[in-house]
Amino acid sequence: MFAKITDSMYASPQIDTSAIAEAKALGITLIVNNRPEGESDDQTPGSEIEAAAKEAGIAYTAIPITHGGFSEGQVDAMIAALESSEGPVLGYCRSGTRSTLLWSLARAKSGDNPGVIAAQAAAAGYDISPIRQIVDVLAASAK
């Protein structure tokens, strides 16, 4: 269910509380919810995921991303989340795409190579071409 982008980052479509056991088994130490509450009638509320995660000893944070795009604050929040985690992170949204794109922007702003970021995302089944230009700019600005 979880797509491995790197050893420290996984992305996933919407999860429910039963997915917490799989996350725990993979050593996930932080779950990042990138889906706005109430986006879909069939989504598990973030509060339920958070409670299950905390019960399993997994940290949880929400950085909701609407279809309107990404803000600098969201990218900075993702950087902080990634830096605070002591192990692998799982980001989820409706399909895993927004989580992967936000991770890509965060890694670019942290100075990672855009080509490597794109290849890692592609190997996990995600296409960052909609934000590739921004990834390139962020990576160049980090140097």
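The values are calculated or read from the model by the stated rules, or taken from the named source; none is laboratory data. Values in this document were obtained by computation on a predicted structure and should not be read as measured data. All Cβ positions, glycine included, derive from the backbone under ideal geometry; neighbour counts span all protein chains shown. Protein only, heavy atoms only, side chains kept; ligands, DNA and RNA dropped before computing areas. Shrake-Rupley method; radii C 1.70, N 1.55, O 1.52, S 1.80 Å.
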Within the stretch 54-79, how many residues are surrounded by 12 or more Cβ atoms within 10 Å (Cβ to Cβ) and either under 12 Å from the mean Cα position of the chain (by Cα) or farther than 17 Å from residue 104 by Cα (or both)? 15
Could you list, in sequence order, all residues of the stretch 89-131 that are open to solvent by 20 Å² or more (accessible area, probe 1.4 Å) and among the polar types (S, T, N, Q)? 95, 97, 110, 113, 120, 129
